[in-house]
Amino acid sequence: QVQLVESGGGLVQAGGSLRLSCAASGSFFSINYMGWYRQAPGKQRDLVADISLGGNTNYADSVKGRFTISRDNAKNTVYLQMSSLKPEDTAVYYCNAGIKRPRYSSSLDYWGQGTQVTVSS
């Protein structure tokens, strides 16, 4: 079994910073892509940022210049450093990863349970 466990969410004032972490555990060969999505009440889940195994990154326009995604392959962990937070960043943030497991020919998509980020004005 594979699990993605997020941490680091919370309440912060506008202009502040938070760092989210997501660690993968279980039985697998490797982690291909890793990323963060977010979902605000009444809205769809949208990509925030993702990062490939080789370190190539991709960001939503709304977070460019404010958020930084990184990963530690030795720890099977992805991070999201969020700065200059705005009230519109308030959402549940979900970790996502494509993981190569034994007996499967391609990567499988996994999701974390979500962590709440609330930015007050």
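The values are calculated or read from the model by the stated rules, or taken from the named source; none is laboratory data. This is a predicted model, so every value here is computed, not measured. Every residue, glycine among them, receives a Cβ derived from its backbone with ideal geometry; neighbour counts consider all protein chains shown. In case anyone asks, the SASA skips ligands and DNA or RNA and just uses the protein heavy atoms, side chains included. Shrake-Rupley method; radii C 1.70, N 1.55, O 1.52, S 1.80 Å.
Among the residues of segment 1-43, those identified as among the aromatic types (Phe, Trp, Tyr) and at pLDDT below 95 are Phe28, Phe29.
Results for (1) closer than 23 Å to Ser121 by Cα; (2) in contact with a Ser or Thr (Cβ under 6 Å, 6 or more places away or on another chain); (3) not aliphatic (A, V, I, L, M), shown as yes or no for each residue.
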residue: Gln13; (1), (2), (3): yes, yes, yes
residue: Pro41; (1), (2), (3): yes, no, yes
residue: Tyr59; (1), (2), (3): no, no, yes
residue: Asp72; (1), (2), (3): no, no, yes
residue: Ala97; (1), (2), (3): no, no, no
residue: Leu108; (1), (2), (3): no, no, no
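Looking only at segment 92-111, residues that are open to solvent by less than 40 Å² (accessible area, probe 1.4 Å), hydroxyl-bearing (Ser, Thr, Tyr) and more than 14 Å from the chain's Cα centre (by Cα) come to 0 in all. Restricted to strands (runs of 3 or more DSSP E) entirely inside segment 18-65, those with at least 3 residues that are closer than 16 Å to Glu6 by Cα are 18-26, 30-39, 46-51. Looking only at residues of segment 67-91 that are open to solvent by 40 Å² or more (accessible area, probe 1.4 Å), without any contact (Cβ under 8 Å) to a residue 60 or more places away in the chain and in a strand (DSSP E or B), we find that the one that is nearest to Arg45 (Cα to Cα) is Thr68.
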